[in-house]
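The following block contains the structure, expressed as structure tokens.
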Amino acid sequence: MIPQAPSVPRKWARLFFLLLFAELSYGCQTKCKMNGDETERLITRIESCQPWTSIYLKSEPDGLNELNQIGGDFERLSIDDARHVVEVINSNSMAKAEKGEPLASQSKVYVLLRFYFKVPTNEKTTATKYFGGWWGVPEKDSEVNLLWPLSEEGGVLRITNDFTGYSGEPYDAIGEFDFFNERYGRRK
């Protein structure tokens, strides 16, 4: 006669696998969510980096590389974390009294949103909304390049255009974030 194993270990085994499955599932869902300290460090990096408004591609590779790197890091955030970062940077920019603010800080957000969302390079002008008066955004044959000032080179997004100016109403970073999120979704 073959001895039968007691039922208690099976219950523990089931519980163990159930807990393991729950942990793995939870971990996969929150993979892109940063903890509060990591999010705050990213905000600090964004606020301390050189703004897109003062980076000239041919003469300032360090500032350009830093903003491109931050764009890649920003791209990995969850939707909630990314929106929080935009809200903080936008709010802080309004309180700055330095020359060129709030536009200098907001130019960073403008660039970061293009890293984050799957915005097209050829959207019908009638199908989009404008959230600021950025000069130089390419429009041709009733289409606009919403990815500008970024381009994709070898599968990697990079800033490839200089800031050329701004006029009109203040930039609505939160409005643009919400529109891009609803219409295009995030890249990853």
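Taken together, the values in this text are just the output of simple stated rules run on the coordinates, not laboratory data. None of these values were measured; they are calculated from a predicted model. Cβ placement follows ideal geometry from the backbone for every residue including glycine, while neighbour counts extend to all protein chains displayed.
Can you list the HN-Hα couplings for the range 156-168, worked out from phi with the Karplus curve (6.51, -1.76, 1.60; θ = phi - 60°), rounded to whole Hz and with x for Gly and Pro?
Those phi angles translate into 10, 7, 8, 6, 10, 9, 6, 5, 10, x, 8, 8, x Hz.
Given the C-alpha centroids of the range 164-188 and the range 46-122, what is the distance between them in whole angstrom?
After rounding, the separation between the Cα centres reads 12 Å.
Under the rule of at least 5 residues apart or a separate chain, name every residue whose amide H is placed under 5 Å from the amide H of residue 166.
The answer is 135.
Further question: Taking θ as phi - 60°, what are the ³J(HN,Hα) couplings along the range 127-133 by the Karplus curve (6.51, -1.76, 1.60), each to the nearest whole Hz, with x for Gly and Pro?
My calculation for the range 127-133 gives 9, 10, 10, 10, 10, x, x Hz in order.
Based on the mean of other Cβ atoms within 10 Å per residue, sort peptides 154-160, 140-146 so the most packed one is first.
140-146, 154-160
Relative contact order, percent, of the range 57-129 when contacts are C-alpha pairs under 8 Å separated by at least 6 residues?
After rounding, I find 34 percent.
Another question, then. Residue 185's amide H: which non-local residues (gap 5+, or another chain) put their own amide H closer than 5 Å, with H modeled 1.01 Å from N in plane and none for Pro or chain starts?
118
Taking a quarter of the surface of the Cα convex hull of the range 34-183, what do you get in nm²? Intermediate values should be presented prior to the final figure.
Details: hull surface 36.0 nm².
Mean shadow area of the hull around the Cα atoms is 9.0 nm².
Hey, what do the phi angles of the range 58-75 turn into as Karplus ³J(HN,Hα) couplings, whole Hz, using 6.51/-1.76/1.60 and θ = phi - 60°, x for Gly and Pro?
Values per residue, Gly and Pro as x: 7, 10, 9, x, 5, x, 5, 4, 5, 5, 4, 5, 4, x, x, 5, 4, 4 Hz.
Moving to a separate point now. At R0 = 30 Å, how high is the FRET efficiency between residue 38 and residue 142 if r is their beta carbon distance? Nearest 0.05 is fine.
Using R0 = 30 Å, I get an efficiency of 0.10.
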